Amino acid sequence: IEIYSLHVDCKVTSRFAHTVITSKIVNRANESREVTFEVELPKTAFITNFSMSIDGKVYPGIIKEKASAQKEYDTAVSSGQSAGLVKISGRKLEQFHVSVSIAAASKVTFELTYEELLKRQVGKFELLIKVRPKQLVKHFQIDVHIFEPQGIGFLETDSTFMTNELTEALTKVQNETKAHILFKPTVDQQKINPELDETLLNGDFVVRYDVKRGATAGDIQIVNGYFVHYFAPHEMPVFPKNVVFVIDRSGSMAGRKIEQTRDALVKILQDLRPEDHFSFITFNSKVAEWKSSLLQATAENVASAAGFVQTLPASGGTNINHALLTAVSVLDKAERLPERSVSMIILLTDGQPTSGESNVEVIQENIQKAVNGKYALFCLGFGFDVSYKFLEKMALSNGGIARRIYENADAALQLQGFYQEVATPILMKIEMQYPENAIEGLTKNNFKLFFEGSEIIVSGKISNELDLLPVEIKAQSHSSDLTLKEEANVKEKEQVFQNQSYIFGNFIERLWAYLTIQQLLEKSISAQEEDRKTLEAHVLELSLRYSFVTPLTSMVVTKPSGQQQMELANKPTEAG
């Protein structure tokens with residue numbers, strides 16, 4: 001079985017990435033063989049298209065409502081074969097895997113398309129392409145085109161498998177608003193050594209970049225009546241933080257996990273600013289407060305905390321409810337905190353609640369009532385014994401996010417990396433306002449907090465013949481209340497994309513659909529049953545209209561007769 005051509009074609013237009021992977025394979029055996037197409041794609045992406053063509057006949061994947069696709073599948077297939085074509089395969093990736101049997105000397109072309117909106121984290125956008133052909137490929141190439149009308153501020157490529165020889169196969173061409181990256185190694189360049197037919201190409205190929213930012217009220221782009229508004233202020237004073245770290249020291253944390261937690265906390269303590277306040281609560285079946293109140297992050301207090309953290313033992317059960325309620329009361333009782341400051345609770349746990357209140361619904365209710373919108377709660381789930389669904393719901397219901405920390409050698413770095421993302425709040429209570437009667441389908445437009453290095457994105461449809469789209473942003477910064485205003489000239493903005501050859505025409509509309517789906521799915525996690533059904537119905541309608549494989553749709557893949565006739569591609573989720 002020879003893969004004679006493998007192309008990864010990626011077009012990023014204003015953060016929206018459209019990737020097509022095409023693999024051409026020939027069966028050189030003198031009998032029929034099974035051929036496998038296996039690619040990894042980012043978890044944040046949605047598959048939008050798949051097809052196989054065998055000797056010129058095309059077998060397309062068809063996107064349907066998940067429930068009806070499942071029913072159809074159950075009818076067509078004898079039970080016990082439902083492995084599904086997509087599964088989570090790591091921190092950032094999921095794997096799409098399909099096999100088909102082809103006759104001697106036959107050729108098959110697989111083509112998979114997926115789309116995602118790149119998310120700015122710590123000052124960069126990251127495009128991740130996973131490369132693992134498992135054999136030498138005659139025509140191999142990765143072709144990335146980026147177009148950012150705001151201008152490209154910096155651009156770098158990075159790869160886990162680069163050698164000096166392979167670097168020669170990489171070219172980068174860049175001007176003010178466009179970049180083209182081409183990686184096209186010859187068969188000889190792909191070899192681990194000249195004698196063996198083994199490939200070096202195994203790992204991540206990453207493109208990182210950021211855009212230039214001039215206008216204070218962000219940047220607006222418009223195509224075919226849909227707009228997207230990017231807002232990422234920088235060089236603003238940072239809010240002092242009041243942070244309560246709630247750390248699980250139950251028996252299951254013993255050993256490597258508690259060591260990595262200690263390492264990470266010692267580094268995080270060094271990153272606190274002198275005007276921040278902090279405290280620690282540690283818990284197993286019992287809850288212990290390090291100090292009875294929040295302390296200012298003076299050099300002395302930080303040193304004393306580091307001493308405490310380094311001796312954290314681990315044994316006993318897991319009382320998440322009591323620990324979080326204690327954290328809320330520490331913030332409630334706190335005195336002499338900076339008037340304009342951001343209060344947050346960061347929970348790190350590796351297990352289910354086993355002591356005290358163990359009903360997750362009751363815990364969620366208790367915490368939401370206690371927090372009452374005053375503080376942001378971030379939940380870090382260490383490993384796979386946590387109920388991620390529970391942590392995610394709790395975080396999203398209280399203005400924060402959840403994150404899984406993987407039990408690997410770099411767990412301490414993962415924890416620090418998460419802290420880095422929330423370390424510098426520079427705006428709070430951000431409202432993005434647009435003319436009410438002129439916009440339809442507006443995505444989320446008010447945000448509790450904005451952290452340096454991230455980006456706020458709002459999108460919608462301009463409903464009537466507007467010439468000017470006025471925008472007003474209201475927010476609180478550390479020093480003052482802000483009002484930023486901007487007017488976008490619709491015709492001028494539409495012009496920007498008109499003569500771009502490699503842009504897919506309705507990309508802002510697709511970006512709007514992608515963003516709307518992601519936000520509705522997130523909202524449904526913490527919604528009540530009735531609301532959840534409404535939100536999911538909306539997600540389903542958009543997923544079908546724009547052909548996205550989301551948690552509510554499935555792609556039905558059919559195969560030539562005489563083989564297992566159909567298989568399903570579903571979207572896996574972190575909460576399982």
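I need the shape label for the stretch 241-423. Rule: rounded when a/c is under 1.5, else prolate if a/b > b/c, else oblate, with a, b, c from the alpha carbon gyration tensor.
Details: a/c = 1.44, a/b = 1.10, b/c = 1.31.
Rounded is the answer for the stretch 241-423, as its axis ratio a/c remains below 1.5.
If you place +1 on the Cβ of every Lys and Arg, -1 on the Cβ of every Asp and Glu, and leave all else neutral, what size is the dipole of the stretch 58-145 about its Cα centre, to the nearest 20 Debye?
The calculated dipole for the stretch 58-145 is roughly 420 debye.
How high is the relative contact order of the stretch 241-423, given as a whole-number percent (alpha carbon pairs under 8 Å, six or more residues apart)? Before the final figure, lay out each step's value.
Numbers: 351 pairs, mean separation 44.8, N = 183.
Averaging sequence separation for qualifying contacts and normalising by length gives 25 percent for the stretch 241-423.
Classify the stretch 1-96 as rounded, prolate or oblate, taking a ≥ b ≥ c as the square roots of the eigenvalues of its Cα gyration tensor: rounded when a/c is under 1.5, otherwise prolate if a/b is larger than b/c and oblate if not.
oblate
With unit charges on the beta carbon (Lys/Arg positive, Asp/Glu negative), name the residue among LEU469, ALA527, ALA569 whose Cα is farthest towards the positive pole of the charge dipole of the stretch 440-576.
After comparing all options, I get ALA569.
Skip the ligands, DNA and RNA, and give the accessible area per residue of the stretch 90-177 with a 1.4 Å probe, whole Å².
Roughly 43 Å² per residue, with all protein chains present.
Just the accessible area per residue of the stretch 241-423, please: how many Å² with a 1.4 Å probe? Before the final figure, lay out each step's value.
Working: 7360 Å² over 183 residues.
About 40 Å² of surface per residue is accessible.
Count neighbours as other Cβ atoms within 10 Å of each site's Cβ, and list the chymotrypsin sites (Phe, Trp or Tyr not before Pro) in the stretch 332-391 that are DSSP loop with at most 12 such neighbours.
Listed in order of number, the matching sites are PHE384.
Say each of THR186 and LYS523 gets a label point 7 Å from the Cα, pointing the same way as Cα to Cβ; how far apart are those two points in nm?
Inter-label distance under the simple model: 5.6 nm.
Taking 0.36 nm per residue of separation and subtracting the Cα-Cα distance, what length does fully extending LYS369 through LYS429 add?
Fully extending the segment from LYS369 to LYS429 adds 19.6 nm.
Test of the criteria: in the stretch 470-575, which chymotrypsin sites (Phe, Trp or Tyr not before Pro) are in a DSSP loop and have at most 14 other Cβ atoms within 10 angstrom of their Cβ? Working shown, then result.
Values: sites: PHE497, TYR502, PHE504, PHE507, TRP512, TYR514, TYR546, PHE548; in loops: TYR502, PHE504, PHE548.
When the chymotrypsin sites (Phe, Trp or Tyr not before Pro) of the stretch 470-575 are filtered for loop state and at most 14 Cβ neighbours within 10 Å, TYR502, PHE504 remain.
Could you sort GLU472, GLU176 by accessible area so the largest value comes first, with the probe set to 1.4 Å?
Accessible-area ranking of GLU472, GLU176, largest first: GLU176, GLU472.
By how many nm would the segment from TYR406 to THR483 lengthen if fully extended, with 0.36 nm per residue of separation less the alpha-carbon distance?
Once the chain is fully extended between TYR406 and THR483, it gains 23.6 nm.
What order do HIS478, HIS139 take when sorted by accessible area (1.4 Å probe), most exposed first? It would help to have the intermediate numbers written out before the result.
Working: HIS478 70, HIS139 95 Å².
Largest accessible area first, the list is HIS139, HIS478.
If Lys and Arg each add +1 and Asp and Glu each add -1, what is the summed charge of the other residues whose beta carbon sits under 14 Å from the beta carbon of ILE258?
Here the count lands on -1.
So what does log10 I(q)/I(0) come out to for the chain at q = 0.06, 0.09, 0.13 Å⁻¹, using the Debye formula with one equal point on every Cα and no solvent?
Rounded to two decimals, the profile gives -0.35, -0.80, -1.47.
At a Förster distance of 51 Å, what's the computed FRET efficiency of GLU38 paired with LEU337, Cβ-Cβ distance as r, to 0.05?
On the way: r = 53 Å, r/R0 = 1.04.
Approximately 0.45, to the nearest 0.05.
Write down the percent of antiparallel bridges among all DSSP beta bridges whose residues are both part of the stretch 241-423, to the nearest 5.
Antiparallel bridges: around 15 percent, rounded to the nearest 5.
Enumerate by residue number the trypsin sites (Lys or Arg not before Pro) in the stretch 263-340 meeting two conditions: DSSP loop (anything except H, G, I, E, B), and at most 10 other Cβ atoms within 10 Å of the site's Cβ.
Of the trypsin sites (Lys or Arg not before Pro), the ones in loops of the stretch 263-340 whose Cβ has at most 10 other Cβ atoms within 10 Å are ARG336.
Please give the charge dipole size of the chain, origin at the Cα centre, charges +1 on K and R Cβ atoms and -1 on D and E Cβ atoms. Round to the nearest 20 debye. Spell out each step's value before the answer.
Working: 61 positive and 72 negative charges, 98 e Å.
That gives a dipole near 460 debye.
I want the local charge near GLU440. Using Cβ-Cβ distances under 14 Å, sum +1 for each Lys or Arg and -1 for each Asp or Glu among the other residues.
Net charge around GLU440: -2.
Computed FRET efficiency, Cβ-Cβ of LEU170 and ALA105, R0 30 Å: what is it to the nearest 0.05? Each step should come with its number before you reach the end.
Details: r = 35 Å, r/R0 = 1.16.
Between LEU170 and ALA105 the formula returns 0.30.
Counting only protein heavy atoms and using a 1.4 Å probe, what share of the accessible area of the chain belongs to carbon plus sulfur, as a whole percent? Walk me through the numbers before you get to the answer.
On the way: 11910 of 25140 Å².
It is 47 percent, rounded to a whole number.
Quick one: dipole size for the stretch 241-423, taken about the Cα centre, charges +1 on Lys/Arg Cβ and -1 on Asp/Glu Cβ, in debye to the nearest 20.
Details: 18 positive and 20 negative charges, 23 e Å.
About 100 debye.
Go ahead and run the numbers for FRET between LYS92 and THR22, Cβ-Cβ distance against an R0 of 25 Å, rounding to 0.05. Can you show the working numbers first?
Working: r = 22 Å, r/R0 = 0.90.
Approximately 0.65, to the nearest 0.05.
The values are calculated or read from the model by the stated rules, or taken from the named source; none is laboratory data. Note that the structure is predicted; figures quoted are calculated from it, not measured. Counting neighbours? That spans all protein chains shown, and the Cβs are built from the backbone with ideal geometry, glycine included. Each accessible area value is taken on the protein alone, full model and side chains, heavy atoms only, with ligands, DNA and RNA left out. Shrake-Rupley method; radii C 1.70, N 1.55, O 1.52, S 1.80 Å.
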